[in-house]
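Right, one structure below, let's go through it.
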Amino acid sequence: MQGRGKLYLKVTRVGDAFAAQAVPLELAFRLEPAVTDPGPPAVGELAPQLPPPAAGKPAEIDGGTSFNDAPRLEPGTYTETVGTGETRYYRVRLGWGQRLSYRIGIPSQPGLHLQSAFLDAAIASPLRQQAEQSTGSDSSILVGGPNDQELSGSTAVPVRYANRDSSQYQAKAYSIDGDYYLALDLSYPVRDEAPFGLPLTITLATEGAAGTGPTYASDPTIYGATQTTVAAAPPARTESASGLPGWVLPAAVAVVAGIAIVAALAWRRHRGQRAR
């Protein structure tokens, strides 16, 4: 904290879910110096969906199994096979003023019944909080059958420092530059299918060159993002039972002595509700 003292964060568990065991969680935070100029103003309205990027010559990749081991991808086309019950993670760097678009191609699967499983595509910010996609993004589909299928979507707004103060709540996740994540989640089979692997073609594109960002009062390179994993002790069983949401908690933003500190709990996906 550069001599500014200590910051204490208290994490409290609620509900009885997994009460008998310690549940790992991850805290992601970012330190920033004060700004003298925030750069372009916060977006006042959401941007339209970007056109799905055209596929090029693909390269084979293996996606990560968590945010921590997600491979960093350049704009381009990649091939991957995702198994039922798996979530794969990828990261793409977005600079100030940039947006991300994606196209997920699913070749025909004549050996699978129609609607054999759900495939979801989600975007997360560098702080691993859910980032809303543009209106019209096709972020979920039931896969299987003899026809080719695809998902496509894009980030809701350009990345701007001032978006943290935007009147559009969807813009707030797009307030820092850095690695944004694409997560592809294939549910367990929703029919009596045996587990299967689904081949995918992933095409990523960024819109615009990295532009003007904030002007910091001191060198921002001495700051940065840090992640650490701890184990939460089982709570006293005093709360009523509650279900787990797909995203545990959104990121909380606080400004302490001119330093913006963003804390986000790890992203946990609850696929069982969709595998019905």
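The values are calculated or read from the model by the stated rules, or taken from the named source; none is laboratory data. Everything numeric in this text was worked out from a predicted model, so none of it was measured. Neighbour counts are summed over all protein chains in view; Cβ atoms, including those assigned to glycine, are modelled from backbone coordinates with ideal geometry.
Take the residues of the stretch 105-136 that are β-branched (Val, Ile, Thr) and closer than 30 Å to Tyr161 by Cβ: which is surrounded by the most Cβ atoms within 10 Å (Cβ to Cβ)?
Keep residues of the stretch 105-136 that are β-branched (Val, Ile, Thr), which gives 106, 123, 135.
Those left that are additionally closer than 30 Å to Tyr161 by Cβ: 123, 135.
Values: Ile123: 23, Thr135: 11.
My answer is Ile123.
Being charged (D, E, K, R) and over 27 Å from Ala47 (Cβ atoms) is the filter here, so list the residues in the stretch 62-113 that pass it. Show your work before the answer.
To start, the set of residues in the stretch 62-113 that are charged (D, E, K, R) comprises 62, 69, 72, 74, 80, 86, 88, 91, 93, 99, 103.
Answer for the stretch 62-113, where residues must be charged (D, E, K, R) and over 27 Å from Ala47 (Cβ atoms): Asp62, Asp69, Glu80, Glu86.
Filter the stretch 64-84 down to the residues that are touching a Leu at 6+ places or on another chain (Cβ under 7 Å) and assigned to a loop (DSSP other than H, G, I, E, B), then identify the one that is nearest to Ala194 (Cα to Cα).
Thr84
Residue by residue through the stretch 1-59, note down the ones that are charged (D, E, K, R), more than 30 Å from Tyr78 (Cα to Cα) and modelled with pLDDT of 90 or more.
Hit for the stretch 1-59 is Asp37, nothing else.
Under 9 Å by Cβ, and 6 or more places apart or on different chains, what pairs join a residue from the stretch 138-165 that is under 30 Å from Ser108 (Cα atoms) and touching a residue at least 24 places away in the same chain (Cβ under 8 Å) with one that is basic (Lys, Arg) and part of a loop (DSSP other than H, G, I, E, B)?
From the stretch 138-165, the pairs are Gly144/Arg191.
In the stretch 199-214, which residues are outside any loop (DSSP other than H, G, I, E, B) and surrounded by 13 or more Cβ atoms within 10 Å (Cβ to Cβ)?
Leu200, Thr201, Ile202, Thr203, Leu204, Ala205, Thr206, Glu207 - these are the residues of the stretch 199-214 that are outside any loop (DSSP other than H, G, I, E, B) and surrounded by 13 or more Cβ atoms within 10 Å (Cβ to Cβ).
If I filter the stretch 33-66 down to residues being without any contact (Cβ under 8 Å) to a residue 40 or more places away in the chain and among the polar types (S, T, N, Q), which single residue comes out as surrounded by the most Cβ atoms within 10 Å (Cβ to Cβ)?
Ser66
What's the total number of residues in the stretch 183-198 that are surrounded by 19 or more Cβ atoms within 10 Å (Cβ to Cβ) and among the charged types (D, E, K, R)?
Going through the stretch 183-198 one residue at a time, the tally reaches 1.
Of the numbered conditions (1) touching a Phe, Trp or Tyr at 6+ places or on another chain (Cβ under 8 Å); (2) surrounded by fewer than 18 Cβ atoms within 10 Å (Cβ to Cβ); (3) touching a residue at least 40 places away in the same chain (Cβ under 8 Å); (4) among the polar types (S, T, N, Q), Thr84 fails exactly one; give the number of that condition.
(2)
Would you call Arg276 surrounded by 12 or more Cβ atoms within 10 Å (Cβ to Cβ), at pLDDT below 90 and in a loop (DSSP other than H, G, I, E, B)?
Against the criterion (surrounded by 12 or more Cβ atoms within 10 Å (Cβ to Cβ), at pLDDT below 90 and in a loop (DSSP other than H, G, I, E, B)), Arg276 does not qualify.
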